[in-house]
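These notes are about the structure you will find just below.
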């Protein structure tokens, strides 16, 4: 899923440049879409999303054998577990260029000291094995430099971006918008609050459900995202059932998020931790005001008071108040939506992110005296 939905444009850029792109991950339903991009997918049979020491060791062994067999020029690792063992194994296997993307440190300055020590120690160790660290969030860049978790010359601010051609205001015709909203029992006078994310507690669903439970009948919450049973904080089915009984609409995983955003009035993201949330950037590009938690990542997407509202983590009452404020004023929603689009066009263009990734490969190659060869 990450290869297709998050990294697809970066893989496309490698293919477009004449290189061979190999996607290494667990198997699953997104493999055909990855391969349609011209990317060769190799499955790690033991790779899991949850933490399982034995499975993780087997996945590391599989990756070692794969790297020794394929001999890639560049190994680019993503996500915490592959980023940890992948950087080490890449260097030990003799991969000429090892790059890692930090999608969001798994600890923030507000976390308890033991968690910070554990995460920062592992990150400092793993970063010693890479040639470059691409960091999505500027706050993480500052943390990495402050605590010297990686050599300064390795660290680059990457940012994050979305397809501004796909996610844009007024994508739907009025009839299409009414049709979608009718499926959710939402009329023209209903304020539809939408959210997109896996059904895990870390995304703040319990407090979001609590926030909307006490709101007027004219507000409808629509949730886009499927269950993630590999995660320890996967939502209990009873919690989902209770929210559904209270009027929350669950759409599951969808491939038409751009269209769904066009039928929302407000976007909510109650996450406890983010790197730089793509879903919120897509909402901003689509012209939606956003209510999000005041955390790293969300602060980079939402200009508090201008493109939306930031509220404390875990505070259902503050979340409800911010949503109610927007629900009560169409003029405020429209003004903040316009400001969100302007911010997205200025800061969230994924083409700039892809260019930074490709420039990083070129810069590390030049520094190490490596020349890329491409097909044709």
| For region 104-162 versus region 212-237, the gap between their alpha-carbon centres in whole angstrom | 30
| field | Helix-only mean residue ellipticity at 222 nm for the chain, each DSSP H run of n ≥ 4 adding -39500 (n - 2.57), per residue, nearest 500 | value | -13000 deg cm²/dmol
| query | For the Cα atoms of the chain, what angle does the longest principal axis make with the long axis of helix 80-92, in degrees from 0 to 90, nearest 10? | reply | 10
| query | Over the chain, what is the percentage of antiparallel beta bridges among all DSSP beta bridges, to the nearest 5? | reply | 5
| query | Hey, what did the chain get for relative contact order, percent, Cα under 8 Å, at least 6 apart? | reply | 15
| said: Taking the beta-carbon count within 10 Å as an exposure proxy, list 298, 360 from fewest neighbours to most. | reply: 360, 298
| message | If neighbour count is taken as other Cβ atoms inside 10 Å, put 203, 154 in order from fewest to most. | response | 154, 203
| Over region 80-149, what is the mean sequence separation of C-alpha contacts under 8 Å (at least six apart), divided by residue count, expressed as relative contact order in percent? | 40
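With a ≥ b ≥ c the root eigenvalues of the C-alpha gyration tensor of region 174-347, is it rounded (a/c under 1.5), prolate (a/b larger than b/c) or oblate?
Cα axes put region 174-347 in the rounded bin.
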| query | Can you put 253, 78 in order, fewest other beta carbons within 10 Å first? | reply | 253, 78
| request: Quick one: angle between helix 330-347 and the longest Cα principal axis of the chain, in degrees between 0 and 90, rounded to 10, please. | output: 10
| Degrees between helix 174-183 axis and first principal axis of the chain (Cα, 0 to 90, nearest 10) | 90
| remark: Scoring region 174-347 by relative contact order with C-alpha pairs under 8 Å, at least six apart, yields a percentage of 22
| query | Once a ≥ b ≥ c are taken as the square roots of the eigenvalues of the Cα gyration tensor of the chain, is the result rounded (a/c under 1.5), prolate (a/b larger than b/c) or oblate (a/b not larger than b/c)? | reply | prolate
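Only the coordinates and a few stated rules stand behind these numbers; no lab work does. Since the model is a prediction, treat every value here as computed from it, not as a measurement. In this analysis, Cβ positions are derived from the backbone assuming ideal geometry, glycine residues included, and neighbour counts consider all displayed protein chains.
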